[in-house]
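Asker: Before anything else, here's the structure in question.
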Amino acid sequence: MATQEVQLNETLAHLKTESETLKSKLEEERAKLHDVELHQVAEKVEGLGQFVMKTRRTLKGHGNKVLCMDWCKDKRRIVSSSQDGKVIVWDAFTTNKEHAVTMPCTWVMACAYAPSGCAVACGGLDNKCSVYPLSLDKNENLAAKKKSVAMHTNYLSACSFTNSDMQILTSSGDGTCALWDVESGQLLQSFHGHAADVLCLDLAPSETGNTFGQCIQSFETHESDINSVRYYPSGDAFASGSDDATCRLYDLRADREVAIYSKESIIFGVSSVDFSLSGRLLFGGYNDYTINVWDVLKGTRVSILFGHENRVSTLRVSPDGTAFSTGSWDHTLRV
């Protein structure tokens, strides 16, 4: 019996050594392909110069920190969720509130607009994702039409509809992501692999929802929690924002990090990132109350925006790319 145990331990040690050797060989092969940095390739590309962007609208109505927001496909309406337990649908042109729902719990950490614009999804510390159908009658009691779709074993951190109103993707503090059928509330697919809370998610622009669930790539270059991820418009790369005060760009085809967006003077974490429609600009919302705008190719900062009086918690570019909206712990949203 003791001999068997010794043999088993030796086999495990041998397999561990073998896997480490294979891992280092893969890293060596990867390094051979790492021949040039993105900013070096972009040296001959013309610089963007400095941008001037102004706050055009300020949306006031939440009684506590704004935690999440999303644009409707009509490029006009916005849904936002807050620590006050409310989900509000806004007309971003007029700043009017079109609908308001009070959730059973505070800390509504996630919200999303359905592609048709006829429903919103939200959730948070209640561990659930609830879908509310919207109607033209602004006095209608939306809470009565609430549909509980997803159920996690820990808080809901983010949610996003796929390309249809019928499926929704959620991420949670229980370390998983899941794909759900909105109509039946049935779990279609769960995604495992994270060892801690999943704080954000994004769906590739080309993705239809026919996903298979296995992890195909992972990147480990940030030095602290990653608060936000966003796909590049082409779907071939993605950006991340972290508490280590950097934004990073990862190319899926090269299977590596290709750019870091940081400055020595920036010491506060990044809470949210998004790309411009062309993919040339990367917007980052920071915990020092600012929004930094980066030239994706050159790696330089082209603008810094002030206005919020507390940390910027969420940031999204509108579907037509003409504006972007930010939500903050100062209880307001700005467009």
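The values are calculated or read from the model by the stated rules, or taken from the named source; none is laboratory data. None of the values given here were measured: they were computed from a predicted structure. Cβ atoms come from the backbone with ideal geometry, glycine included; neighbour counts cover every protein chain shown. Quick note on the areas: whole protein, heavy atoms, side chains included, nothing else; ligands and nucleic acids left out. Shrake-Rupley method; radii C 1.70, N 1.55, O 1.52, S 1.80 Å.
Asker: Going down the list LYS60/LYS146; LYS97/LYS263; LYS44/LYS65; LYS75/LYS147; LYS73/LYS128; LYS54/LYS86, which pairs span over 32 Å between their C-alpha atoms?
Answerer: LYS97/LYS263; LYS44/LYS65
Asker: Could you tell me the center-to-center distance, by alpha carbons, between the range 144-192 and the range 287-313 in angstrom?
Answerer: Value for the Cα centre distance between the two parts: 31 Å.
Asker: Could you compute the net charge surrounding LYS73? Neighbours are other residues with a C-beta less than 12 Å from the C-beta of LYS73; K and R count +1, D and E count -1.
Answerer: Net of charged neighbours comes to -1.
Asker: In the chain, carbon and sulfur make up what percent of the accessible area (probe 1.4 Å)?
Answerer: For the chain, the apolar C and S fraction of the accessible surface comes to 52 percent.
Asker: Now for a separate question. With +1 on the Cβ of every Lys and Arg and -1 on the Cβ of every Asp and Glu, and nothing else charged, how large is the dipole of the range 153-304 about its Cα centre, in debye rounded to the nearest 20?
Answerer: 480
Asker: If you don't mind, there's one more thing I want to ask. What residues have an amide H closer than 5 Å to that of ALA259, excluding those fewer than 5 places away on the same chain, when H is modeled at 1.01 Å from N in the peptide plane?
Answerer: HN-HN under 5 Å from ALA259: LEU249.
Asker: How far, in nm, would the chain grow between SER218 and THR102 when pulled straight, counting 0.36 nm per residue and subtracting the alpha carbon separation?
Answerer: Gain in length upon complete extension: 38.0 nm.
Asker: Follow-up. Mind checking the angle between helix 2-33 and the chain's longest principal axis? C-alpha axes, 0 to 90 degrees, to the nearest 10.
Answerer: Long axis of 2-33 versus the principal axis of the chain: about 70 degrees.
Asker: A further question on this structure: In Å, the Kirkwood hydrodynamic radius of the range 46-159 over pairs of distinct alpha carbons?
Answerer: Computed over the range 46-159, the radius equals 14.7 Å.
Asker: Let me check against my output: what whole-number percent is the relative contact order of the range 41-94, with C-alpha pairs under 8 Å and at least 6 apart?
Answerer: Over the range 41-94, the number comes to 27 percent.
Asker: Subtracting the Cα-Cα distance from 0.36 nm times the residue separation, let me have the gained length for LYS44 to ASP243 in nm, one decimal.
Answerer: 68.4 nm
Asker: Same structure again: Tabulate in residue order the Karplus-calculated ³J(HN,Hα) for the range 52-67, using 6.51 cos²θ - 1.76 cosθ + 1.60 with θ = phi - 60°, rounded to whole Hz; enter x for Gly and Pro.
Answerer: Per residue, the Karplus-derived 3J(HN,Hα) values read 10, 10, 10, 6, 9, 9, 10, 9, 10, x, 6, x, 7, 4, 7, 9 Hz.
Asker: Can you tell me the dipole magnitude for the chain around its Cα centre, using point charges on the Cβ only (Lys, Arg +1; Asp, Glu -1), in Debye to the nearest 20?
Answerer: Dipole about the Cα centre, nearest 20: 1480 debye.
Asker: Once you sort the root eigenvalues of the Cα gyration tensor of the chain as a ≥ b ≥ c, which label holds: rounded (a/c under 1.5), prolate (a/b larger than b/c) or oblate (the other case)?
Answerer: It is oblate, given that a/c is not under 1.5 and a/b is not larger than b/c.
Asker: Of CYS111, CYS247, CYS215, which is the most mobile in a GNM of the chain whose springs link Cα atoms less than 10 angstrom apart?
Answerer: Per the Cα network of the chain with a 10 Å cutoff, CYS215 tops the list.
Asker: Another question about this same structure. Let me have the relative contact order for the chain, percent, based on Cα pairs under 8 Å that are six or more residues apart.
Answerer: Once divided by the residue count of the chain, the mean separation gives 14 percent.
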